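Okay, structure first, notes after.
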Amino acid sequence: MKKVAIVYWSGTGNTQAMAEEAAKSAQAAGADATLFTASAFSASRLDEFDAIGFGCPAMGAEVLEESEFEPLFAECEPKLKGKKIALFGSYDWGDGEWMRLWNERCETAGAVLAAGSVIANNAPDAAALASCRILGAALAAA
């Protein structure tokens, strides 16, 4: 059974809803999936999991949340080479630049993207939630 971590930060609950959907889908696909807030996870735990979903909304000028999530992700980044991951998050303005930049960071770090990234404008709609289910199933299969 694959072990999957879904690690997220959410200020409004939108990214949390996406994380919960991905975790349920990974579990339904047969994985042992665990949901973590950014503050409850650390880079030292990366090796415990076969795949990791990272979720963070766009903040400020389309950047990752800076007080909890960015420091955690920066700590994880050097350990992502060969790791199967997927990215998701919500935004309220802009055009998704934060997700494109985040994908580039992951590819540069050598991570293997198990699924296409999922973004939602504000609260995830039915299409975004369906994409989160695909993301979760992809992590379970990774």
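No lab work stands behind these numbers, since they all come straight from the coordinates. All values reported here derive from a predicted model rather than from experimental measurement. Positions of Cβ are backbone-derived with ideal geometry, glycine not excepted, and every protein chain shown enters the neighbour counts.
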- Residue check, GLY60 over 19 Å from ILE6 (Cβ atoms) and touching a Lys or Arg at 6+ places or on another chain (Cβ under 7 Å): no
- Message: So SER10 passes all but one of these: (1) surrounded by fewer than 17 Cβ atoms within 10 Å (Cβ to Cβ); (2) assigned to a loop (DSSP other than H, G, I, E, B). Which condition number does it fail?
- Response: (1)
